[in-house]
Structure formats: structure tokens, C-alpha cells
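Notes for the one structure printed next.
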Amino acid sequence: MMSKTASPRHTKLQTMIDMLRRDEGASIPEIAAATQWRAHTVRGAMSGALKKRHGLKITSQLDANRRRIYRLPNAILIFSSTRAARYSDGDSQLTHRPTETLSV
């Protein structure tokens, strides 16, 4: 019997992170098209998942066409999947903290 090795899941959040880590960055419409999310969902994921949960610093600037381009300039991946991922912004190392369980 052949054993299958588990590969990291490539989630929509991971797709967004990959796009933001590119040198050219990404705009909200580009991320929305790649993830099949609406623009408000992309903005919410940036604010909630990336900034608050992972502690990343997202930069933005206007390009020549007056579009806002977002980037993760110094994000270093610490874990290979977004489910258990913690990122470092280059200034401080973030560590994996297990989630608490509530007993009822």
C-alpha cells in the first residue's frame, strides 16, 4: 500500500498572501478575481486575518493609474500552511500559540 504525503492546503487566504508578497503587490480587484471573493471580503481578510491574527504590516500606495496597491514587504513565512501559520514582519518573531479549548 502506498502512503500519501500530506501537502499543505493552498487556501484562498494563502493565495492572497502570495499575491501580496510579490514585488508588484496586488490590488483589491486582482485579489478578488483570484480568490473569487467580493471586495469587502478581501478588505476584511486583510484587516482581520493578516493584520490582527497574524500581526502583519500591510503597506499600500497609489500607482500611476490611481489604483491602490497593497504589499507585504517583509513577511517571512514561519509555517507552511495558513491554518497553523504565523508570520514575522521582520522586526519580531511571532510564535505559534495553541488555541484554548473551553470545557462546558
Quiz item: Are any residues in the stretch 42-55 assigned to a helix (DSSP H, G or I), of a type outside the set (D, E, K, R) and surrounded by 15 or more Cβ atoms within 10 Å (Cβ to Cβ), and if so, which ones?
Solution: Val42, Ala45, Met46, Ala49, Leu50
Quiz item: Which residues, counting only those in the stretch 23-40, are under 13 Å from the mean Cα position of the chain (by Cα) and either at positive phi or without any contact (Cβ under 8 Å) to a residue 40 or more places away in the chain (or both)?
Solution: Gly25, Ile31, Thr35
Quiz prompt | Lys57, sole failed condition from (1) of a type outside the set (A, V, I, L, M, F, W, C); (2) in contact (Cβ under 8 Å) with a residue 12 or more places away in the chain; (3) over 18 Å from Asn74 (Cβ atoms) | solution = (3)
Quiz item: Of everything in the stretch 4-21 that's free of Cβ contacts under 8 Å to residues at least 24 places away in the same chain and surrounded by fewer than 18 Cβ atoms within 10 Å (Cβ to Cβ), which residue is farthest from Arg71 (Cα to Cα)?
Solution: Lys4
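Bear in mind these aren't lab numbers, they're just calculated from the coordinates by the rules spelled out. Fair warning: this is a prediction, and the values are worked out from it, not measured in the lab. Quick reminder, even Gly has a Cβ in these numbers, built from the backbone with ideal geometry, and neighbours come from all protein chains shown.
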